[in-house]
């Protein structure tokens, strides 16, 4: 299993802050995004943007980054701190 | 009359912090420096450098700046505040 | 020295400044930046703000930025404090302080840290304006 | 707002910071620089220092720099405090604080002010080092 977290406006749009998925369901973040977009039109729309950032185990990654059992994957809109 | 002030290392070298001169003695700062250099070898040496800054009435000026009666002229080495 | 904090409470600029200079005779330059909630953003009047963050990742990201700054610039101490949760008009949001022997290095590192923090650290701002609530876009 | 002071007494960074942000909801960015007497300069160990200045011209020069910064950059408040007289190791020498809606302007103005202050404001440093006393060359 791995965890998926959502933050900011994206979490509001999905009305979801976290979920768990079987480790075998996605080999990398790119796959994961494809699978999530297929859930329903709301998810498809919210995730169909190039304005997403992603982290695996608290480190920013590119979509090619692999996902393995036990990972914490986070998907979020551009950050706006400071 | 006008006043001439010296500061920093220049004042130490000249062993002089201020003096007064007749208004007619120098038309501008350039003239004033020439006159002061003629005082004696110590003054000549201390003032014979391009590393001098000058102010008239509390404003930085170039050597061409005129000197008139009542002015306060200051001559000093490069500033080192901050 | 690296000091990182992510907190709901306000921070004390004076104490943070003290920790940058205490027992520090090597550094002639201290540059600090404080970011505050300002009245207008993108043309709308701000009433208050909610700052969401990613607990766990946020402190790690700030630590990494501080360490990277210490490698990239000739600086010594770095202090970064970022608030989260509900903030009101004029509240302090973020403190970044850097010490160095020379001011150019301290300025450059402090600016770099703020740029990186704004583009890489997981914070998201939701503003309450006179026209309702909106997420600030990146 | 422009606040200028030339003084022998130490200054309180916290009070100066407060005066920059008090009743100021327009400015999201506060950048401050503090210069301090550091242990080594040009390879020699500093024990203490004497800061000479040109009374009358100094405050005028700092006022003019602050006003020029307010014309040249999109900033609001400017505070400059410079000490003179005898200073010891780690003592605070100078404070420059700038507020602005945006951090880039505040950083740029604060750096510009320090550069100009160092090249135009009439201060001269005499350092006491382990090898004797020397005037710092500009």
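The values are calculated or read from the model by the stated rules, or taken from the named source; none is laboratory data. Remember, it's a predicted structure, so these values are computed and weren't measured experimentally. Positions of Cβ are backbone-derived with ideal geometry, glycine not excepted, and every protein chain shown enters the neighbour counts.
List of remarks:
- Selection count where residues are in contact (Cβ under 8 Å) with a residue 24 or more places away in the chain and away from chain A (no Cβ under 13 Å), scope segment C:115-138: 4
- Here D:94, D:78 are screened, and the one residue that is farther than 30 Å from residue B:11 by Cα and at pLDDT 95 or above is D:78.
- Residue within segment C:127-135 that is touching a strand residue (DSSP E or B) at 6+ places or on another chain (Cβ under 9 Å), surrounded by 19 or more Cβ atoms within 10 Å (Cβ to Cβ) and within 30 Å of residue D:36 (Cβ to Cβ) present: no
- Filtered by the rule that a residue be assigned to a helix (DSSP H, G or I), within 12 Å of the chain's Cα centre (by Cα) and more than 9 Å from every other protein chain (Cβ to nearest Cβ), segment D:89-114 gives D:112, D:113.
- Where strands (runs of 3 or more DSSP E) sit wholly within segment B:1-64, those with at least 3 residues that are under 10 Å from residue B:75 (Cβ atoms) and modelled with pLDDT of 95 or more occupy B:2-6, B:53-56.
- Number of the exception - residue A:44 against (1) within 11 Å of another protein chain (Cβ to nearest Cβ); (2) more than 11 Å from the chain's Cα centre (by Cα): (1)
- Selection within segment D:34-76 - in contact with a helix residue (DSSP H, G or I) (Cβ under 6 Å, 6 or more places away or on another chain) and part of a loop (DSSP other than H, G, I, E, B): D:73, D:74, D:75
- Only a single item in (1) more than 7 Å from every other protein chain (Cβ to nearest Cβ); (2) out of contact with any strand residue (DSSP E or B) (no Cβ under 8 Å at 6 or more places or on another chain) is not met by residue C:51, and it is number (2).
- Set side by side, the residues D:9, D:5, D:23 differ, and just one is more than 7 Å from every other protein chain (Cβ to nearest Cβ) and at positive phi, which is D:23.
- Total residues in segment D:54-64, condition farther than 12 Å from residue B:81 by Cα and touching a strand residue (DSSP E or B) at 6+ places or on another chain (Cβ under 7 Å): 3
- All of (1) closer than 19 Å to residue C:92 by Cα; (2) more than 8 Å from chain C (Cβ to nearest Cβ); (3) outside any loop (DSSP other than H, G, I, E, B); (4) touching a residue at least 12 places away in the same chain (Cβ under 8 Å) hold for residue D:15 with one exception: (4).
- Output for segment D:123-138, where each listed residue is under 24 Å from residue D:6 (Cα atoms) and part of a loop (DSSP other than H, G, I, E, B): D:136, D:137, D:138
- Of the numbered criteria (1) surrounded by 22 or more Cβ atoms within 10 Å (Cβ to Cβ); (2) touching a residue at least 60 places away in the same chain (Cβ under 8 Å), the one residue C:58 fails is (1).
- Segment A:11-30 - residue that is in contact (Cβ under 8 Å) with a residue 24 or more places away in the chain and touching a helix residue (DSSP H, G or I) at 6+ places or on another chain (Cβ under 6 Å) and, of those, nearest to the other protein chains (Cβ to nearest Cβ): A:13
- Residue A:78 being at the interface with chain C (Cβ under 8 Å from one of its Cβ atoms), touching a helix residue (DSSP H, G or I) at 6+ places or on another chain (Cβ under 9 Å) and without any contact (Cβ under 8 Å) to a residue 60 or more places away in the chain: yes
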